[in-house]
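The values are calculated or read from the model by the stated rules, or taken from the named source; none is laboratory data. Here the structure is a predicted model, which is why all the values come from computation and not from measurement. Using ideal geometry, Cβ is built from the backbone for each residue, glycine included, and neighbour counts are taken over all protein chains shown.
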Amino acid sequence: MLRPDTFALTALLALITALGPVSTDMYLPSLPDIGRLLAASAAEVQLTLSAYLVGFAGGQIVYGPFSDRYGRKPVLLMALALFCGANLICAAAPSIEVLIAARALQALGGSGAIVVARAIVRDLYSGARAGRELSLMGSIMAVAPIAAPLIGGVLQTAFGWRANFIVALLVGLIAAVTVWRALPETLARRAAEPMSFRAIARAYAGLLANGAFVAHLGILAASFAGLFAWISGSPFVLQDLYGLSAFGYSIVFAICSVGFLAGTFAASAIVERLGLGPTIGLGSCALAAGGISMCAALALGATSVVAIVLPTTLYLFGLGLAMPQAMAGALTPFPHRAGAASSLAGFVMQSSAAILGAVVGHMLGDSAWPIAWPLAAMGLAALLVWTASRKARAGEWRIADSE
């Protein structure tokens, strides 16, 4: 059995958490080809992303409270089984409509995996130590958005878009077998209240009454929405407007993702020394700077791919700094409701990302502005929430620590 404070457990939780990026990033180079082969418009193809986000958001509402009541391991295994089955349907989808529906089902499985993984972290750690663990997981997980589009570009070139979902299925099977064989149950005390809609609603109302949770939730929602503006718009902007091939796009996407990897490494090194708040603040500054610099480059008439890549890399560096710490800040006040807190945080993050991703999909045209303005707006929003919530976060942390 895997033990706390071991690299093996961190790596397993990172693999489980990486199912989301693998499910999304690996098939990004195939989006234009999916549209051609399934006779779908760019907006319809983009719905395979939005449907995944909607399914991911909806699934997270129930997994957390269920894992608080019935334990982490059985709920996690159920989610992984659903994820694997949905990948088979995606791989065999004969039309864009079936693919959209299968992606939503895939998300319902993947959402449970990430919710339970974050709850396991809170079962074992708290505060800055939880932030460090989430950053270490993020450092390992960051390999997924770097490697996944590269692998997807190769698979697209060699075998076509369906191969992406076969590989995602294999990753899900590896995670499921490892959880079944090696992961212990980490929930020390299960929720005594029977599961019901009223009980779930009461738990979520309690979370939203906590100022620290709401503040960290705002930072998470804004920064994550900006990420998906990039994910949903960049395949079309960089391939259709800037002329990159599928493999060339995957290289550019991987380069930008190195920023996230660097951010998580930096956070894991400094968070226990600086604390959650200052680390989030540094990340929020980088988020805003990345978005603003892209807008500035486009406004000055820059036409090089570099004008897109460098600002995005800076934005993702800020995301790597801020997002794991904001998640730790949202979960720490609730040691006995970590599953519910993880669920609600994930639901709001994915919902905001789905809405902004859909807006970007309908605004795609003959410029990179549909990527630039969301990054700037979301970066500034994260920075504003962090700045305005200092008193609330400090006060709620003292209350939570005393409970």
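Residue count for the range 38-52, restricted to those that are under 17 Å from residue 89 (Cα atoms) and at pLDDT 85 or above: 6. May I ask you to verify whether residue 293 is of a type in the set (S, T, N, Q), in a helix (DSSP H, G or I), over 17 Å from residue 219 (Cβ atoms) and free of Cβ contacts under 8 Å to residues at least 40 places away in the same chain? Spelling it out, residue 293 is indeed of a type in the set (S, T, N, Q), in a helix (DSSP H, G or I), over 17 Å from residue 219 (Cβ atoms) and free of Cβ contacts under 8 Å to residues at least 40 places away in the same chain. Of 95, 126, all but one fail to be among the polar types (S, T, N, Q) and either within 17 Å of residue 31 (Cβ to Cβ) or touching a Phe, Trp or Tyr at 6+ places or on another chain (Cβ under 9 Å) (or both); the exception is 95.
Scanning the range 178-200 for residues that are surrounded by fewer than 12 Cβ atoms within 10 Å (Cβ to Cβ) and either at pLDDT below 85 or under 23 Å from the mean Cα position of the chain (by Cα) (or both) yields 188, 189, 192, 194, 196, 197, 198.
Filtering the range 257-281 to residues that are surrounded by 24 or more Cβ atoms within 10 Å (Cβ to Cβ) and hydrophobic (A, V, I, L, M, F, W, C) leaves 260, 267, 271, 276, 280.
So is residue 77 surrounded by fewer than 24 Cβ atoms within 10 Å (Cβ to Cβ) and closer than 12 Å to residue 116 by Cα or not? Against the criterion (surrounded by fewer than 24 Cβ atoms within 10 Å (Cβ to Cβ) and closer than 12 Å to residue 116 by Cα), residue 77 qualifies. When the residues of the range 296-325 are filtered to those that are of a type in the set (Ser, Thr, Tyr) and assigned to a helix (DSSP H, G or I), which remaining residue is nearest to residue 128 (Cα to Cα)? Within the range 296-325, the match that is nearest to residue 128 (Cα to Cα) is 315. Checked against the criteria, residue 117 counts as in contact (Cβ under 8 Å) with a residue 40 or more places away in the chain, crowded, with 20+ Cβ neighbours inside 10 Å and of a type in the set (A, V, I, L, M, F, W, C).
None of 106, 60 is of a type outside the set (A, V, I, L, M, F, W, C), touching a Ser or Thr at 6+ places or on another chain (Cβ under 8 Å) and at pLDDT below 85 except 60. Here residue 244 fulfils each of the conditions (1) assigned to a helix (DSSP H, G or I); (2) in contact (Cβ under 8 Å) with a residue 60 or more places away in the chain apart from (1).
Filtering the range 6-50 to residues that are surrounded by fewer than 21 Cβ atoms within 10 Å (Cβ to Cβ), in a loop (DSSP other than H, G, I, E, B) and in contact (Cβ under 8 Å) with a residue 60 or more places away in the chain leaves only 38. Taken together, the residues in the range 326-366 that are in contact (Cβ under 8 Å) with a residue 60 or more places away in the chain, more than 19 Å from residue 256 (Cβ to Cβ) and not in a helix (DSSP H, G or I) amount to 7.
Candidates are the residues of the range 171-192 that are touching a helix residue (DSSP H, G or I) at 6+ places or on another chain (Cβ under 8 Å) and assigned to a loop (DSSP other than H, G, I, E, B); the one that is farthest from residue 106 (Cα to Cα) is 188.
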